Amino acid sequence: MRLPIYQVDAFADKLFGGNPAAICPLPQWLPDATMQSIAAENNLAETAFFVHDGGDYALRWFTPTVEVDLCGHATLASAHVVFSFLEPKRESVNFQTLKAGTLTVARSGDLLVMDFPARPPNPVEAPAGLLAALGGKPREVLRARDCLVVYASAAEVAALTPDFAALAKVHDCWAAAATAPGENGVDFVSRFFAPRQGIDEDPATGSSHCTLVPYWAKRLGKTKLEARQLSRRGGVLRCTLRADRVSIGGRAVLYLQGQITL
């Protein structure tokens, strides 16, 4: 059996930026173990698989070690594959997901804009070991799905050198998003660490912005936000809070197109 595969850099203004995702359109679902093995073989933060579902698509995402409930960059990359290769006349596409409901991605000029659920965080006591594993001197900790760890400056976030082995042992922390106010026209910055899910640092993370955007919208008193992810590859995200939804826009660039042989 041969299956198409695409690798797309999402939330990237140019090739070799943003977050690479592998995208595998399927004629029908493969066994879960096979999809997990493909994701492990790809060894990217996420591999997305989708199949036709009526006039749209059903979508699932896998890290190298687990299936996840929501992934932004691989959703953006999946839409890029639909718009560029499968149905170039479409202006929007709906993806049906197991846990995140219907996710819509639409063209908007040279951006692709995703409609995702907002996940506002609540203040919490830091789980044991979290702050020691991350380092620095955070001002507060909140949580939705991810732990949101807030620092005073972008420089502090950029300088973090987490102990990933220790972070992977922190209970009650699916992943950690370190964040701080931005500068030079950027509203906020972040980095995203998920060693418990097989990803030490994710280059550009759409799902974390479901929590980051409500937090910063409330703190800054504005609903349109320019975000930067301070990974080595960097990520550019243009976000809007709309009641209980978040619009997350970015660009996508094709890196490769090929086939998987099973």
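A single member of 71, 24 is closer than 24 Å to residue 235 by Cα and touching an Asp or Glu at 6+ places or on another chain (Cβ under 6 Å), and it is 71. Taking the options 91, 41, name whichever one is closer than 24 Å to residue 210 by Cβ and at pLDDT 95 or above. Being closer than 24 Å to residue 210 by Cβ and at pLDDT 95 or above holds for just one of 91, 41, which is 91. Of the strands (runs of 3 or more DSSP E) lying entirely inside segment 98-198, those containing at least 1 residues that are over 30 Å from residue 81 (Cβ atoms) and basic (Lys, Arg) are 140-143. Please work out if residue 149 is surrounded by 24 or more Cβ atoms within 10 Å (Cβ to Cβ), of a type in the set (A, V, I, L, M), over 13 Å from the mean Cα position of the chain (by Cα) and within 21 Å of residue 12 (Cβ to Cβ). So residue 149 fails the test. Of everything in segment 200-251, what is touching an Asp or Glu at 6+ places or on another chain (Cβ under 7 Å) and in contact (Cβ under 8 Å) with a residue 40 or more places away in the chain? Give them in sequence order. Residues satisfying the conditions are 208, 211, 226, 227, 231, 236, 238, 245, 247, 251. The single condition among (1) more than 30 Å from residue 34 (Cα to Cα); (2) charged (D, E, K, R); (3) crowded, with 24+ Cβ neighbours inside 10 Å that residue 202 does not satisfy is (1). When the criteria are applied in full, residue 40 meets the requirement of being farther than 27 Å from residue 244 by Cα, among the aliphatic types (A, V, I, L, M) and either surrounded by 17 or more Cβ atoms within 10 Å (Cβ to Cβ) or under 20 Å from the mean Cα position of the chain (by Cα) (or both).
The values are calculated or read from the model by the stated rules, or taken from the named source; none is laboratory data. For clarity, every value in this text was computed on a predicted model and none was experimentally measured. So basically every Cβ, Gly included, is an ideal-geometry build from the backbone, and we count neighbours across all protein chains shown.
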